[in-house]
1. If you take the residues of segment 228-275 that are in a loop (DSSP other than H, G, I, E, B) and open to solvent by less than 30 Å² (accessible area, probe 1.4 Å), which of them is farthest from N40 (Cα to Cα)?
2. Can G98 be described as surrounded by 19 or more Cβ atoms within 10 Å (Cβ to Cβ) and either farther than 23 Å from E53 by Cβ or touching a helix residue (DSSP H, G or I) at 6+ places or on another chain (Cβ under 8 Å) (or both)?
3. If you check L174, L193, L142, which single one turns out to be more than 25 Å from R107 (Cβ to Cβ) and open to solvent by less than 70 Å² (accessible area, probe 1.4 Å)?
4. Can you name every residue in segment 148-202 that is of a type in the set (F, W, Y) and within 22 Å of E90 (Cβ to Cβ)?
5. Return yes or no: is G66 farther than 16 Å from R34 by Cα, of a type outside the set (A, V, I, L, M), open to solvent by less than 10 Å² (accessible area, probe 1.4 Å) and in a strand (DSSP E or B)?
6. Kindly provide the set of residues from segment 271-294 that are at pLDDT below 90 and either at negative phi or touching an Asp or Glu at 6+ places or on another chain (Cβ under 6 Å) (or both), ordered by number.
7. Of all residues in segment 116-174, how many are under 15 Å from R187 (Cα atoms) and among the hydroxyl-bearing types (S, T, Y)?
Amino acid sequence: MDKSIAPLILITGFLGSGKTTVLNDALARMKGRRVAVVVNEWGKLGVDGSLLEDPAGFGVSELAGGQIFCSCVAPAFLKALERLVALDVEAIFVETSGLAKPATVARLAAEAEKRSGGRLAYRGLVCVVDALRFLVLRQAALAVNEQVAYADRFIVSKVDLADQATLDSICSVLKEIHPDAPITLRRGQPIPLEAVLWDQPYWGQTPFDPRWNGWGNGGRPKSVALVPEGPVGRPLLDDFLRSVSGETWRIKGFVSVTGEGFPLFVDCVEDSVAVSALPPGKAVPDTLGLTLIWKTPPEKVEAVVQSWTASTGMGAHVLI
């Protein structure tokens, strides 16, 4: 690989599939190297930037409020890449939104290469596939199918939690779509760097497939950025999360909890609720709050605030 040309690697995968974990696998092996990281959030609150490694100390570039393959965020994404190229980076990793629809990836990557003046080389799209949910999700969310259709290689996550028949079915689906795309299985342990960073050139654009137009029966997913007005009791927080998690694809963020000296990290994937301390060495974002991405949007945003207040006894407001 020409050291003067930085590979551009995009990592996609549906909400809760394990993109941040997979990316951190790679970044942990690149400490001290001039590697830059961009993370794209669907909601208005930055969350994953606080969870990702930053090998070179450049600071994780966060792009919120949509997805990079849409005109709403693509210009900011291209500007972020231009800024990072000027730092003489060795590589750029991009974690896309879990709701990414990457049909325009080849065009976006070509524009990024053009603006870099030959300093960037797009190396392809890695798709992280959730072994526990993929077969069901692909029937419910068109974004899942589009992410797979435009991927160049796959990493199947949570393999240690799935049965062999399910894994065989998933690999069969992936091979049918892309027979030559490498598949890496992550069994609860970090994967090799080569599964995410490679020297092979990008092999060309996947033809546009109209089957993945739009969002499916549920329409475009809606997000709500809920910002509490103060600390809440832990049992009350748990009550709120359990009451709404089944109606959401994802709940993620940081909340101040009564009696704790630091905010706790909330990470819910559908009805699986997890609340934990932030990993050591990670910085809490300036704005605490939760991003809720709904399967079926509530009729009124105010209803989300009311549900929060009823469960926790604490006021909150919504970022517009």
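The values are calculated or read from the model by the stated rules, or taken from the named source; none is laboratory data. This structure is a prediction, so every number in the text was calculated from the model and none was measured. Quick reminder, even Gly has a Cβ in these numbers, built from the backbone with ideal geometry, and neighbours come from all protein chains shown. Surface areas here come from the heavy atoms of the whole protein model, side chains and all, with no ligands, DNA or RNA. Shrake-Rupley method; radii C 1.70, N 1.55, O 1.52, S 1.80 Å.
1. Once the filter is applied, the top-ranked residue is G233.
2. Against the criterion (surrounded by 19 or more Cβ atoms within 10 Å (Cβ to Cβ) and either farther than 23 Å from E53 by Cβ or touching a helix residue (DSSP H, G or I) at 6+ places or on another chain (Cβ under 8 Å) (or both)), G98 qualifies.
3. L193
4. If we filter segment 148-202 for residues that are of a type in the set (F, W, Y), which is where we start, we get 150, 154, 198, 202.
Of everything in segment 148-202, those that are of a type in the set (F, W, Y) and within 22 Å of E90 (Cβ to Cβ) turn out to be W198, Y202.
5. no
6. Kept after step one, since they are at pLDDT below 90, are these residues of segment 271-294: 278-287.
Scanning segment 271-294 gives L278, P279, P280, K282, A283, V284, P285, D286, T287.
7. 2
Listed here are the residues, each with its yes/no results for (1) among the charged types (D, E, K, R); (2) within 30 Å of S307 (Cα to Cα); (3) over 18 Å from the mean Cα position of the chain (by Cα).
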residue	(1), (2), (3)
A151	no, no, no
V159	no, no, yes
A165	no, no, yes
D168	yes, no, yes
R187	yes, no, yes
P210	no, no, yes
N217	no, yes, yes
